[in-house]
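Take a look at the structure set out below.
The values are calculated or read from the model by the stated rules, or taken from the named source; none is laboratory data. Remember, predicted model here, so these are calculated numbers, not experimental data. Please note: Cβ atoms are built from the backbone with ideal geometry, for glycine as well, and neighbour counts cover all protein chains shown.
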Amino acid sequence: MSEYDKTVDDLVNALNGRKGRLKENQAYYESEYRLKALGLSTPPELRHMTAAIGWPRMYLDSLEERLDLEDFRNADQAEVDERLRSWWQANFLDAESGLGHLEAMIHGVAYITVAAPGDDDDNPDIPIIRVESPFNFIAKQNKRTKKLDEGLRLYKHPTIPKEDMATLLLPDRTVYLARGGPFAQWKVDEVIQHDLDRVLATQLVNRERLTESYGKSEITPELRSATDAASRIMMNLQTASELMAIPQRVLFGIDRDELPTDPDNPGAAMEAYMARILAFENENGKGMQFSAADLRNFTESLQELAKQVASYTGLPPQYLSFSSENPASAEAIKSAESRLVKKTERKARMFGQAWEDTMRLGMLVMDGSIPKDAYQLESVWRDPSTPTFAAKSDGVVKLQQAGIIPVEQARIEMGYSDVQRKQMREWDKDDPVAQMNALLLDGTAKTNEQIGKVDPNAANPASQKTA
């Protein structure tokens, strides 16, 4: 036995204890959840026709598609941190950060680990940053400091499938363990003593509350209930369409022998039933048919449920394929997305804290300490709304021409990256027209400031007349 056995066993038991809930969350996202209560009026033979309703996936994907972390910078600096950007790019976090955000919204929590580069890594100046799923990683958080006290990652041996591997993260060391099977004892493979006084991991928490520090799934009970109801209605719709969508026919005075039969074609009777014209030689034969089932009660119920989902989630009506009273204009679309945009901004604020702490851990691993100005680090997110390019550029140009923002801020507002802005500044140095405009605008701004009379509606500040 080792000194780590009890800590590892407690974390493994906690991880196994929550896997049932995690599997249910994943089943709802993947539209694979099997209803616990099927429609009572549905025959057992038709209960395999349960329909998959993808509203949870649509909602979570719509949020994740708007969560794009672009850069990091200190609060007192205009430029982004080039070093942190290189860490971000080298660890493929442009793609993997989105996977972490999605995993956190599905299950309520995901994790990020930081490690020093090894001898086999390409770049010794870049820490190893990985996003971890709650299926194979678990951690305990300190309630006072909000930092992690310990963490555990479980995985399989790359070449020995039956051997379990584990990485135990403690504030002063990282321990690598292995065991020969689920009932074997853990054996220590390696201990890395770093003495950094921090567990080298952070957690992405979704819907954190004062009483729910580990977060909760974005697939809320009301969204699950509406999804289950829609699945039952869709199943009953399929059942009704199978049994009653085609008008039922009844034939009188016709012998069974008169119906077309073909031993080589078992479907001949059905083909006769489906034919538009049925002709028989028996003069006593009569036929009638019942009316087909009206399926509007099912479709109208589904539309009402879609409206309920829209009210729960903030998804625009067009996302759920039902019409609204608003015209399909740019302003109407922007108004319909306002709640979704605000939710995305809240997610960015919560997830941004975790990514900022991750970058500070990277500094701790690479430099041995965290500089004081690193606590002013802030994450820069892309605008989650979807304004048209023309509308955004028009507003930015008006702000710049009125002297409210400089040209550089206007470029930032338009979404140009730091590299693009640097290239634009180089071009400005070589462009005589840009140089002249800069001189004119600078001189006009000073004159207006001295006189105290500036017309914010003027198209060209250089042409303003002074009193």
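Couple of notes before you dig in:
- Positions within region 59-76 being polar (S, T, N, Q) and modelled with pLDDT under 85, in sequence order: Asn74
- Qualifying positions in region 398-411 - touching a helix residue (DSSP H, G or I) at 6+ places or on another chain (Cβ under 7 Å) and β-branched (Val, Ile, Thr): Ile405, Val407
- Selection count, region 152-171, where residues are in a strand (DSSP E or B) and out of contact with any helix residue (DSSP H, G or I) (no Cβ under 8 Å at 6 or more places or on another chain): 7
- In region 172-195, residue nearest to the chain's Cα centre (by Cα) [restricted to those that are outside any strand (DSSP E or B) and crowded, with 17+ Cβ neighbours inside 10 Å]: His194
- Complete set of residues in region 196-221 that are within 30 Å of Met58 (Cα to Cα), assigned to a loop (DSSP other than H, G, I, E, B) and touching a residue at least 40 places away in the same chain (Cβ under 8 Å): Asn206, Arg207, Glu208, Ser213, Tyr214, Gly215, Lys216, Ser217, Glu218, Ile219, Thr220
- Any hit, region 411-430, residues being outside the structural domain of Gly98 (by TED's automatic domain parsing), modelled with pLDDT under 80, over 27 Å from Asn74 (Cβ atoms) and out of contact with any Ser or Thr (no Cβ under 7 Å at 6 or more places or on another chain): yes
- Top-ranked residue of region 206-240 - restricted to ones that are among the small types (Gly, Ala, Ser) and exposed (fewer than 15 other Cβ atoms within 10 Å of the Cβ), ranked as farthest from Gly287 (Cα to Cα): Ser213
- With respect to the stated conditions, Glu30 is modelled with pLDDT of 70 or more and either loosely packed, with under 12 Cβ neighbours inside 10 Å or of a type outside the set (S, T, N, Q) (or both).
- Members of region 405-431 that are in a helix (DSSP H, G or I), more than 24 Å from Arg85 (Cα to Cα) and among the acidic types (Asp, Glu): Asp428, Asp430
- Residue check for Thr42: crowded, with 16+ Cβ neighbours inside 10 Å, modelled with pLDDT under 95 and either under 30 Å from Asp418 (Cβ atoms) or out of contact with any strand residue (DSSP E or B) (no Cβ under 6 Å at 6 or more places or on another chain) (or both): yes
- Reported count of residues in region 283-298, each being exposed (fewer than 12 other Cβ atoms within 10 Å of the Cβ) and part of a helix (DSSP H, G or I), is 1.
- Output for region 349-388, where each listed residue is of a type in the set (Val, Ile, Thr) and more than 13 Å from Trp87 (Cβ to Cβ): Ile370, Val380, Thr386, Thr388
- From the list Glu242, Glu163, Glu212, Glu222, the lone residue that is within 28 Å of the chain's Cα centre (by Cα), among the acidic types (Asp, Glu) and at pLDDT below 90 is Glu212.
- Scope region 346-377; condition surrounded by 15 or more Cβ atoms within 10 Å (Cβ to Cβ) and over 16 Å from Gln203 (Cα atoms); matching residues: Met363, Leu364, Val365, Met366, Ile370, Ala374, Leu377
- Scan of region 373-392 for residues that are modelled with pLDDT under 90 and of a type in the set (D, E, K, R), ordered by number: Asp373, Arg382, Asp383, Lys392
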